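The values are calculated or read from the model by the stated rules, or taken from the named source; none is laboratory data. Since the structure is predicted, the reported quantities are computational estimates derived from the model, not experimental observations. Cβ: placed from backbone, ideal geometry, glycine included. Neighbour counts: every protein chain shown. Side chains included, ligands, DNA and RNA excluded: accessible areas come from the protein's heavy atoms. Shrake-Rupley method; radii C 1.70, N 1.55, O 1.52, S 1.80 Å.
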Amino acid sequence: MLSSLGIQYTEKKLEEFDTVDDMFEDLGKQVRTMPQIKIDNKLIGGYHQLVEHLDDKGLVNFKGEKVEQR
């Protein structure tokens, strides 16, 4: 979805961290599900929270579909 919107992102994988605690430290809290999305160093949450965030910005609708800009 981010690519289709032209939003650049960096993907981090669990294997890149020495420990799970290091990943939690990077995220800023302990989480139970993946993926977790951070924007401007702020934890947004999972996919559904990302859709809500982008919907609030008028980039996608509530289903995660790209909204045509006028």
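One residue stands out in segment 1-22 among those that are of a type in the set (A, V, I, L, M, F, W, C) and in a loop (DSSP other than H, G, I, E, B): the one that is farthest from residue 66 (Cα to Cα), namely 17. Of all residues in segment 34-70, those satisfying the criterion of being assigned to a helix (DSSP H, G or I) and closer than 16 Å to residue 11 by Cβ are 47, 50.
Name the residues in segment 51-61 that are of a type outside the set (D, E, K, R) and closer than 22 Å to residue 38 by Cβ, would you?
Selection gives 51, 53, 54, 58, 59, 60.
Beta carbons closer than 6 Å, at least 6 apart along the sequence or on distinct chains, pair a first residue in segment 1-28 that is closer than 29 Å to residue 63 by Cβ with a second that is open to solvent by 100 Å² or more (accessible area, probe 1.4 Å) and assigned to a loop (DSSP other than H, G, I, E, B) for 2/9.
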